[in-house]
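The values are calculated or read from the model by the stated rules, or taken from the named source; none is laboratory data. Computed from a predicted model, the values in this text were never measured in an experiment. Cβ: placed from backbone, ideal geometry, glycine included. Neighbour counts: every protein chain shown.
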Amino acid sequence: MNSGFKSRFIGYSLGILQAFIGVTAAAGGFGLISDPSGTKMAVSLEWLNGSPFADYFLPGLVLLAVIGVGNVLASVTSFVRNKFAAHLAVALGLFLALYMAVEVLFIGLRNLSQPLYFMLGLIVFTLGMKLSKLAKTVHPIPIESTIKKLPT
């Protein structure tokens with residue numbers, strides 16, 4: 001498989017994953033911002049006991065702005081094969097995995113979407129790293145010397 005095909009395949013795969021993550025995170029973030037008590041999203045305020053948050057407004061804002069909007073914009077860069085696509089994928093994939101880890105740390109494992117999005121974050125991070133390495137791959141061009149060697 002040549003590197004051009006690999007790069008396009010990874011870019012389109014990243015774009016699809018990032019669009020899915022972005023749209024679903026934006027919806028979840030909007031739901032938490034519009035009702036910080038969590039009632040509409042079927043999450044309990046009691047889950048936040050022992051966390052630094054009194055309600056779900058700030059976690060929802062981060063979910064909407066950083067993970068949601070960030071991944072939607074990153075998906076565009078992946079689809080158009082922008083030079084920043086790999087760096088955005090690495091940063092946002094890592095951020096998503098950390099966000100999910102901190103969420104589980106504070107509220108516990110509450111549903112299967114938490115490990116799913118943790119894994120999606122790691123997949124986006126990994127694909128971003130692969131795309132970054134493909135972009136930096138140097139293909140040496142063999143050059144023959146035109147200088148005649150001296151007889152030994």
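Please go through segment 83-101 and pick out each residue that is modelled with pLDDT under 95, among the hydrophobic types (A, V, I, L, M, F, W, C) and surrounded by fewer than 18 Cβ atoms within 10 Å (Cβ to Cβ).
Scanning segment 83-101 gives a single hit, 84.
Look at segment 64-82 and say how many of its residues are surrounded by fewer than 20 Cβ atoms within 10 Å (Cβ to Cβ) and at pLDDT 95 or above.
Going through segment 64-82 one residue at a time, the tally reaches 6.
Scan segment 4-18 and tell me whether some residue there is within 26 Å of residue 125 (Cα to Cα), among the β-branched types (Val, Ile, Thr) and part of a helix (DSSP H, G or I).
yes
In the list 8, 110, which residue meets the criterion of being under 28 Å from residue 129 (Cβ atoms) and either touching a Ser or Thr at 6+ places or on another chain (Cβ under 9 Å) or of a type outside the set (Val, Ile, Thr) (or both)?
8
Can you tell me which residues in segment 39-61 are assigned to a loop (DSSP other than H, G, I, E, B), surrounded by 18 or more Cβ atoms within 10 Å (Cβ to Cβ) and out of contact with any helix residue (DSSP H, G or I) (no Cβ under 6 Å at 6 or more places or on another chain)?
43
Select from segment 1-38 the residues that are β-branched (Val, Ile, Thr) and either within 18 Å of residue 113 (Cα to Cα) or within 17 Å of the chain's Cα centre (by Cα) (or both) and list them in ascending order.
10, 16, 21, 23, 24
Quick one: is residue 122 out of contact with any Asp or Glu (no Cβ under 6 Å at 6 or more places or on another chain), at pLDDT 95 or above, part of a helix (DSSP H, G or I) and not aromatic (Phe, Trp, Tyr)?
The answer is yes for residue 122.
Consider only pairs whose beta carbons are under 7 Å apart and that are at least six residues apart or on different chains; among these, list those whose first residue lies in segment 91-115 and is within 19 Å of residue 69 (Cα to Cα) and whose second residue is among the aromatic types (Phe, Trp, Tyr).
Filtered contacts from segment 91-115: 93/125; 94/125; 96/117; 97/118; 97/125; 100/117; 100/118.
Consider residue 133 against the criteria (1) more than 21 Å from residue 49 (Cα to Cα); (2) surrounded by fewer than 16 Cβ atoms within 10 Å (Cβ to Cβ); (3) at pLDDT 95 or above; (4) not acidic (Asp, Glu): it satisfies all of them except one. Which criterion is unmet?
Among (1) more than 21 Å from residue 49 (Cα to Cα); (2) surrounded by fewer than 16 Cβ atoms within 10 Å (Cβ to Cβ); (3) at pLDDT 95 or above; (4) not acidic (Asp, Glu), the lone unmet condition for residue 133 is (3).
Against the condition touching a helix residue (DSSP H, G or I) at 6+ places or on another chain (Cβ under 8 Å) and part of a loop (DSSP other than H, G, I, E, B), how does residue 131 come out, does it pass?
Values: touching a helix residue (DSSP H, G or I) at 6+ places or on another chain (Cβ under 8 Å): yes; part of a loop (DSSP other than H, G, I, E, B): no.
Spelling it out, it is not the case that residue 131 is touching a helix residue (DSSP H, G or I) at 6+ places or on another chain (Cβ under 8 Å) and part of a loop (DSSP other than H, G, I, E, B).
For segment 1-38: of the residues being within 30 Å of residue 85 (Cα to Cα) and of a type in the set (Ser, Thr, Tyr), which is surrounded by the fewest Cβ atoms within 10 Å (Cβ to Cβ)?
Within segment 1-38, the match that is surrounded by the fewest Cβ atoms within 10 Å (Cβ to Cβ) is 3.
For the list (1) polar (S, T, N, Q); (2) modelled with pLDDT of 95 or more; (3) loosely packed, with under 13 Cβ neighbours inside 10 Å, I need the number of the one condition that residue 114 fails.
Of (1) polar (S, T, N, Q); (2) modelled with pLDDT of 95 or more; (3) loosely packed, with under 13 Cβ neighbours inside 10 Å, only one is false for residue 114: (3).
Would you pick out the residues in segment 78-90 that are under 14 Å from residue 127 (Cα atoms) and out of contact with any Gly (no Cβ under 8 Å at 6 or more places or on another chain)?
84
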